[in-house]
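Here is the structure we will look at, set down as structure tokens.
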Amino acid sequence: MHFLPESISCLIDELSQLPGIGPKSAQRLAFYILKRNERRNIALGEAIIKVNSGVERCKQCHCLTSDTYCAICKDSGRDSSLLCVVESTLDMIAIEKTKEYKGLYHVLQGKLSPLDGIGPQELTIDQLFLRLESEDSLVKEVILALNPNLEGDTTALFLQRKMSNLQNVSVSRIARGIPSGGHLEYTDDATLIRALKGRQAMT
């Protein structure tokens, strides 16, 4: 919008680059930010600038954390016989919010997508199998909690086939309470609970 001040046009443009934010939403957000007091906007700006500092991947599960190991991996009360494999930290958070699952996690940091150049080497699949094949591994069941879309299905099938050689480890996948093409992070708690409870063995 050529008639707006450059600072506002720039903010609208940057906001519209965010996922789920279209031009109209970006415009509304920009004018909302403009109305806020300067102190709040400075705090928001500083939070955005600092968002990458002190963030690293958990050495065991690869979720985002501020420590070497995340709080879940350090929790001795978790069931170490269960390992839930998810695509992202957001999916892990969604499952944790249900308070239904008490096991451990492994975050793949994405999903297989050959068209986008994402193969097994771009994910934490090698690290997953190092955990499962370790002599001190206590994992008895791997739950594949991957999004029900083409890439998620492809990733689940790839992992299930690789895990078929593991001794004494069963592989299951969360039930289809989640609609095809849906995302775990946007799924309500009740649906996620049903999906976890209704998980089925992959054969």
State yes or no: is CYS10 over 30 Å from VAL139 (Cα atoms), out of contact with any Ser or Thr (no Cβ under 6 Å at 6 or more places or on another chain) and at pLDDT 90 or above? yes
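Condition check ((1) free of Cβ contacts under 8 Å to residues at least 60 places away in the same chain; (2) assigned to a helix (DSSP H, G or I)) across all residues:
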| residue | (1), (2) |
| --- | --- |
| SER80 | yes, no |
| ASP91 | no, yes |
| LEU104 | yes, no |
| ALA156 | yes, yes |
| ASN165 | yes, no |
Quick one: is THR98 closer than 17 Å to ILE72 by Cβ and of a type in the set (Ser, Thr, Tyr)? yes
How about the stretch 32-55: which of its residues are closer than 28 Å to TYR186 by Cα, in contact (Cβ under 8 Å) with a residue 12 or more places away in the chain and surrounded by 10 or more Cβ atoms within 10 Å (Cβ to Cβ)? ILE33
Would you please name the residue that is farthest from GLY152 (Cα to Cα), looking only at residues in the stretch 114-134 that are under 16 Å from the mean Cα position of the chain (by Cα) and either among the polar types (S, T, N, Q) or crowded, with 18+ Cβ neighbours inside 10 Å (or both)? LEU128
For the condition under 20 Å from the mean Cα position of the chain (by Cα), under 30 Å from LEU150 (Cβ atoms), modelled with pLDDT under 95 and acidic (Asp, Glu), what is the one hit in GLU87, GLU100, GLU56? GLU100
Any hit, the stretch 50-58, residues being closer than 21 Å to SER170 by Cβ, among the acidic types (Asp, Glu) and not in a loop (DSSP other than H, G, I, E, B): no
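The values are calculated or read from the model by the stated rules, or taken from the named source; none is laboratory data. All values reported here derive from a predicted model rather than from experimental measurement. In this analysis, Cβ positions are derived from the backbone assuming ideal geometry, glycine residues included, and neighbour counts consider all displayed protein chains.
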